[in-house]
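Engineer: So that we are looking at the same thing, I have put the structure below in structure tokens.
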Amino acid sequence: MIRLLRACTSIRSLDRGMILHGHAIKAGLNSHTSIETTLVIMYVKCNSLLNASLVFDNMHQRNPIVNSAMIAGYSKHKRFEDAQKTFDGITERNIKCWNAMISAYSLNQNYHEGLALFRELQASRLDPDEFTVSNVLTISANLNALEEGKQIHGFIVKKGFVLDVTVSNSLINMYSKCACMDDAERVFEAITQRDVYSWTAMVSGYAQNGKTEAAMKLFNEMPQRNVVSWNAMIGGYQQEGDNISALAKFVKMLKEREKPNQSSFVSVLKACAGLQTIETGKQIQSYLIKSGTEADAHVGTAIIEMHAKFGDIISAHKSFEASEHNVVSWSVLVGAYTQNGYITEAASLFQEMPKKNVISYNIMVSAYVQNELKTEAFSLLSDMIKAGVRPNEHTLSSLLNSCSGKNKTGFGLHGFAIKMGFEVDISIGNCLVTMYGEQRCMNNAYMVFQSMPRHDVVSWTAMVSAYLTNQRIEEARQTFESMPQQNLISWNTMISGYLQAGKITVDPMSETSITVTYTKDPLSGAEDALTLFYKMEQSGIRPDNFTYNCALTACAAIGALHQASTIHAITIHRAYDSDKGVTNALMAAYSKCGSLQNAEQIFNNLEEPDTISWNTLITGYAQNGQGNHVLEFFNEMLKSGIEPNHVTYVSILSACSYIGEVEKGREYFESMSRDHGLNPRRDHYACMVDLLGRAGHLKDAMTLIKDMPFEPDSVVWGALLGACQLHSDPELGRQAAEKILELNPDSSGTYATLSNIFAGAGMWEDAARVRTAMKGQQLQKKPGCSWIEIRGYKQLFLAGDRSHPQRDSILAALSDLYINIKEEGYAPELGFCVIDMDSDEYLTY
């Protein structure tokens, strides 16, 4: 009978097992402990928990084997309280009972309790076995508890368990989850007889830590693969955002006749969502149905989320209706509405939910925070606590993300986290470091970082970002270089941080033009960013579109044409040349480097140029003084049916200013609101003041300023001041300068320009007073600077700098050019020079 019951168990034949149970009852064998034990195991394995519990409850004598089986059964069916009750009722526990309960804690994600039970086991007379340590290593991995994992590793070595391949595989998984790939590699290398799970654990580890190239190399070396190995690669690519490779790997998996499982479909559906490939996503969903793969809760969730990413709420709702209505499916649907901006509808659905859990609340809290509905987010926290749902680390993380400004809410949340026992949670610590960094409270950020029991790559990146936010560049660099491991986000943070250090940013108004304000060395920020970009290439971390945008922005800022071409070649090799953001950055970089032909060629290769693409091309020609080309491209843009925006008109008005087309400029300025519904902003008024001023219409420019619907800023007054210098109008120049200095008292350039205007008009006493006032403010005009790229190297020139090694030959060449220019009938405009009263030297501004 026992052999027959075991046979039913092995083939999971519940019907035959129940028939045998009936025969056992008729034969009077059902009360034998060995028969009862085998029946319980059979029912548990065949997922008939009701029958298993009926047999178990009627047993007169229970043994460790049957107790362990019931604990496992209860745990598998989410009846954790029954599992705990069974364990607590065991008077004499053997190691199997302990293992079953520790495994139950792990399966139910009660990881802290699982570790506590393991420590209780260590304090007993029993020794943990291989199964115990494998379970506890899984718990340590999920908690990212590296120190705990290392202690268990020491115990494993001491007991000789390291020879067990399952234990070694668990060690690899733990070190991988804790981002310690060097340790994982050492364990892998020490395994004498690796199985498919050993290889898969290493491949997964590399993929999870962003080392997809290393993962791919090891994957190709695997002597045999299984569906888990394929899933590791597909999931790894998807998690890194390389959705194209994830989809390609899934297709290759099918070609090699490896049948995908639920995990495969979850990853590939997420990849389709990330790529916004609607048709491919629908094809995958269709194949899922045809393949006969059971669409479990995870697959159903992925389908709903995919439709939500496509913005197809109707299909998302249909998928919800077709799935089992439980707290998970409800939560995913609410999340679908929030992702697409339907916050009110999401809130209504949330209220309709028959049962809510912490995940449901977290979705709504996160949605409120992302939509800057801070009051609603904190109100929901209060409702959550009243409903008896305990907030978790994700709840507090979302709320902490809303506390970036200088306020006391963040401090209060910090105290609440400590009260709730979350001060040791790594995600909370990371959010606190970020919050204090944004609030310019670096001492608090540093104290939180130092007090964290351990750090992951996010912790280190948050600290780097905090230093960069507070312009402490050297400390950011040192922290970055001290990181045990860097990922894509940490590299991007440091590269973009170097650009910010040099004040090199993409102007949000123009989307394409580069705004550069120099610190001590105008090249340092961009040079450091590019150097780090090439180091990243060598590190094995593959850049993404944001990285390429940063690198190209750096090239644009310093006119590095050779390097821009090199990065262009890399983007083609990596298939990023079709990414709209990257192509626009390439166009902007080539334009800034004066290579308009390359910029236009990229534009011509675009299948469907959008507004930003057109703006990038138009801005590039405008910045290079090609006004007529700008107007031609603008007309082509309108003919193609692309609507201009505010950015477009900045370039158009600037182009009119370059070529002196006053009337065309007036017409374009009026057509903004008349034809396209665009109300002019300050930068458009600044362009018009510059246009009128350059043409000598200073009174019209002043009238325009007075008629502005908002207060003019220093840029507008600066345009007028420049025109006053060009046309020698000292009185109007004085008014413009006074307005600028009211807005920006430390503007040394304004003092210098006004002094030049007075000197050019022969008003020497006024010029002297301006320079005396400038000295009284302890202001100095920053020397002019320029640079050129020669054979890939930058040559920097500063006004008044005598340190260049080729200074004599450069001055000789300039002298020859000056003579040639004079012979052609051109002469320098001495009106823009002023004599320094102290040194009797000409100063040019």
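Read-outs: derived from the displayed coordinates by stated rules, not from any lab. Since the model is a prediction, treat every value here as computed from it, not as a measurement. Don't worry about glycine lacking a Cβ; one is built from the backbone with ideal geometry, like all the others, and counts go over all protein chains shown.
Engineer: Taking R0 as 56 Å, what FRET efficiency do you get between residue 2 and residue 327 from their Cβ-Cβ distance, rounded to the nearest 0.05?
Structural biologist: Computed FRET efficiency for residue 2 and residue 327: 0.85.
Engineer: Of 78/386; 270/374; 664/699, which pairs sit farther than 27 Å apart, going by alpha carbon to alpha carbon?
Structural biologist: Pairs exceeding 27 Å: 270/374.
Engineer: Between residue 195 and residue 707, what is 0.36 nm times their sequence separation minus the Cα-Cα distance? Round to one decimal in nm.
Structural biologist: Going from the current span to full extension adds 176.4 nm.
Engineer: How big is the dipole moment of the chain about its Cα centre under a simple scheme where the beta carbon of each Lys and Arg is +1, that of each Asp and Glu is -1, and everything else is neutral? Debye, nearest 20, please.
Structural biologist: Roughly 3540 debye for the chain.
Engineer: Return the distance in nm (one decimal) between the two label points of a simple spin-label model at residue 670 and residue 575, each offset 7 Å from Cα along Cα→Cβ.
Structural biologist: For the pair residue 670/residue 575, the computed spacing is 5.3 nm.
Engineer: What net charge do the residues around residue 340 carry, taking every other residue with its C-beta under 10 Å from that of residue 340, with Lys and Arg at +1 and Asp and Glu at -1?
Structural biologist: Taking every Cβ under 10 Å from that of residue 340, the sum is -1.
Engineer: Could you tell me which of 105, 128, 814 has its Cα farthest along the dipole of the chain towards the positive end, charges placed at Cβ (Lys, Arg +1; Asp, Glu -1), taken about the Cα centre?
Structural biologist: Selected residue: 128.
Engineer: Restricting to Cα pairs below 8 Å that are 6+ residues apart, what does the relative contact order work out to for the chain? Please round to a whole percent.
Structural biologist: Normalised by residue count, the contact order of the chain is 4 percent.
Engineer: Then there's this: Tell me, what ³J(HN,Hα) does each residue in region 375-384 have, in order and in whole Hz, if you take phi through Karplus 6.51 cos²θ - 1.76 cosθ + 1.60 with θ = phi - 60° and put x for Gly and Pro?
Structural biologist: Couplings: 4, 5, 5, 6, 5, 5, 4, 5, 4, 4 Hz.
Engineer: PRE reach from residue 109 (point 7 Å along Cα→Cβ): which of region 347-390 fall under 20 Å by backbone N?
Structural biologist: Within reach of a label on residue 109: 350, 353-368, 381, 384-385, 387-390.
Engineer: So what J values fall out for region 677-688 if you push phi through Karplus, 6.51 cos²θ - 1.76 cosθ + 1.60 with θ = phi - 60°, rounded to Hz, Gly and Pro as x?
Structural biologist: Per residue, the Karplus-derived 3J(HN,Hα) values read x, 9, 6, x, 9, 4, 5, 6, 5, 4, 5, 5 Hz.
Engineer: For an R0 of 45 angstrom, estimate the FRET efficiency from the Cβ-Cβ distance between residue 798 and residue 482 and round to the nearest 0.05.
Structural biologist: That pair, residue 798 with residue 482, gives E of 0.85.
Engineer: Classify region 1-54: rounded, prolate or oblate, from the alpha-carbon gyration tensor (a ≥ b ≥ c, eigenvalue square roots; a/c under 1.5 rounded; otherwise prolate if a/b is larger than b/c)?
Structural biologist: prolate
Engineer: Put +1 on the Cβ of every Lys and Arg and -1 on every Asp and Glu Cβ in the chain; which of 485, 4, 403 then has its Cα farthest towards the positive end of the dipole?
Structural biologist: In the chain, that residue is 4.
Engineer: Of the trypsin sites (Lys or Arg not before Pro) in region 626-689, which ones lie in a loop per DSSP and count no more than 16 other C-beta atoms within 10 Å?
Structural biologist: 681
Engineer: For a quick protection proxy, order the peptides 257-263, 808-814, 65-71 by their average other-Cβ count within 10 Å, most packed first.
Structural biologist: Top to bottom by mean Cβ count within 10 Å: 65-71, 257-263, 808-814.
Engineer: Also: Restrict the search to region 16-119; then list the GluC sites (Glu not before Pro) that DSSP places in a loop and that have at most 14 other Cβ atoms within 10 Å of their Cβ. Mind showing how you got there, number by number?
Structural biologist: Values: sites: 36, 81, 92, 113; in loops: 92.
Taking region 16-119 and a limit of 14 other Cβ atoms within 10 Å, the loop GluC sites (Glu not before Pro) found are 92.
Engineer: Run through region 272-360 and list the trypsin sites (Lys or Arg not before Pro) located in a DSSP loop whose Cβ has at most 11 other Cβ atoms within 10 Å.
Structural biologist: In loop regions of region 272-360 (DSSP not H, G, I, E or B), the sparsely surrounded trypsin sites (Lys or Arg not before Pro) are 355.
Engineer: Considering the dipole of the chain built from charges on the beta carbon (Lys and Arg +1, Asp and Glu -1) around the Cα centre, which of 443, 563, 586 is farthest to its positive end?
Structural biologist: The residue sitting farthest along the positive end of the dipole is 443.
Engineer: Kindly rank 451-458, 590-597, 646-653 from highest to lowest mean number of other beta carbons found within 10 Å of each residue.
Structural biologist: 646-653, 590-597, 451-458
Engineer: Expressed as a rounded percentage, what relative contact order does region 1-54 have, with Cα pairs under 8 Å and six or more residues apart?
Structural biologist: 41
Engineer: In addition: Under unit Cβ charges (Lys, Arg +1; Asp, Glu -1), what dipole magnitude, rounded to 20 debye, does region 395-498 have relative to its Cα centre?
Structural biologist: Value, rounded to 20: 280 debye.
Engineer: For residue 385 and residue 61, FRET efficiency with R0 = 56 Å and r from the beta-carbon atoms, rounded to 0.05? List each step's numbers first, then the result.
Structural biologist: Details: r = 46 Å, r/R0 = 0.83.
That gives a FRET efficiency of 0.75.
Engineer: Another one. Ranked highest first by average number of other Cβ atoms within 10 Å, how do 548-560, 719-731, 758-770 line up?
Structural biologist: 548-560, 719-731, 758-770
Engineer: Straight-line reach only, C-alpha to C-alpha below 25 angstrom: list the lysines that residue 150 could link to, leaving out same-chain residues fewer than 8 apart.
Structural biologist: By straight Cα distance, residue 150 reaches 96, 158, 159, 177, 211.
Engineer: Which angle from 0 to 90°, rounded to the nearest 10, does the C-alpha axis of helix 627-639 make with the longest principal axis of the chain?
Structural biologist: So the helix axis and the longest Cα principal axis differ by about 50 degrees.
Engineer: Assign unit charges at the C-beta atoms only (+1 for Lys and Arg, -1 for Asp and Glu), then state the dipole size of region 122-273 relative to its Cα centre in Debye, rounded to the nearest 20.
Structural biologist: With only Lys, Arg, Asp and Glu charged at Cβ, the dipole is about 420 debye.
Engineer: Also: Go through region 566-577 residue by residue and turn each phi into a ³J(HN,Hα) via Karplus (6.51, -1.76, 1.60, θ = phi - 60°); whole Hz please, and just put x for glycine and proline.
Structural biologist: 4, 5, 4, 5, 5, 5, 5, 4, 8, 6, 9, 6
Engineer: I would also like to ask the following. Express in nm, to one decimal, how much length is gained between residue 601 and residue 213 on full extension, taking 0.36 nm for each residue of separation and deducting their alpha carbon distance.
Structural biologist: Separation in residues times 0.36 nm, less the Cα-Cα distance, equals 136.5 nm.
Engineer: Using 0.36 nm per residue of separation minus the Cα-Cα distance, give me the extension gain between residue 744 and residue 775 in nm, one decimal.
Structural biologist: On the way: separation 31, 0.36 × 31 = 11.16 nm, distance 1.61 nm.
Gain on stretching residue 744 to residue 775: 9.6 nm.
Engineer: Using only DSSP helix segments of four residues or longer, with each worth -39500 (n - 2.57), what per-residue ellipticity at 222 nm results for the chain after dividing by its residue count and rounding to 500?
Structural biologist: So the calculated ellipticity at 222 nm is -21500 deg cm²/dmol.
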